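Worksheet for the structure shown next.
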Amino acid sequence: MTKNLRIRKTKLDNIDIRLIYALTADSRTSIAELARSLSMSAPSISERLQRVEESGILKCFTVEIEPKML
């Protein structure tokens with residue numbers, strides 16, 4: 001059961017959505033690990049990630065700093 005979600009002009013499928021969720025859990029996850037967890041090849045994941053980034057859905061990968069620890 002694959003649902004497609006259209007955000008503006010970008011069509012996201014179930015794999016794109018799972019990719020985004022995986023990155024929200026840990027934005028430092030490697031392409032290889034994302035590929036394994038989504039049962040796809042690394043080049044396929046890389047292409048999907050690039051498409052989602054270029055569409056503006058993913059704006060940045062951030063680091064959150066705890067000021068008290070500095």
Practice item. Would you work out which of ILE57, SER39, ALA25 lies farthest towards the positive end of the dipole of the chain, given +1 charges on the beta-carbon of Lys and Arg and -1 on that of Asp and Glu, about the Cα centre? Key: ILE57
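To the nearest 0.05, how large is the calculated FRET efficiency for ASN14 and VAL63 if R₀ is 30 Å and r is the Cβ-Cβ distance?
Details: r = 29 Å, r/R0 = 0.96.
With R0 = 30 Å, the Cβ-Cβ based efficiency is 0.55.
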Point to revise | Portion, in percent, of the accessible area of the chain that falls on carbon or sulfur, probe 1.4 Å | key: 52
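So with the 1.4 Å probe, I'd like the accessible area per residue for region 20-70, rounded to whole Å². Write down the numbers at each step before the final one.
Values: 4020 Å² over 51 residues.
Counting only protein heavy atoms, the per-residue value for region 20-70 is 79 Å².
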Check your understanding: Is it possible to state the helix-based mean residue ellipticity at 222 nm for the chain, with each DSSP H run of 4+ residues giving -39500 (n - 2.57), the sum divided by total residues, to the nearest 500 deg cm²/dmol? What is it?
Key -> -13500 deg cm²/dmol
Check your understanding: Computed from these coordinates, which is mean projected area of the Cα convex hull in nm²: (1) 5.9; (2) 7.5; (3) 5.2?
Key -> (1)
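Determine the dipole magnitude for the chain: charges of +1 sit on the beta-carbon of Lys and Arg, -1 on that of Asp and Glu, nothing else is charged, the reference point is the Cα centre, and the result goes in debye to the nearest 20.
Values: 12 positive and 9 negative charges, 72 e Å.
That gives the chain a dipole magnitude of about 340 debye.
The values are calculated or read from the model by the stated rules, or taken from the named source; none is laboratory data. Every value quoted in this text rests on a predicted model; they were computed, and no experiment measured them. When we count neighbours, we look across all protein chains shown, and the Cβ atoms used for this are built from the backbone with ideal geometry, even at glycine. Side chains included, ligands, DNA and RNA excluded: accessible areas come from the protein's heavy atoms. Shrake-Rupley method; radii C 1.70, N 1.55, O 1.52, S 1.80 Å.
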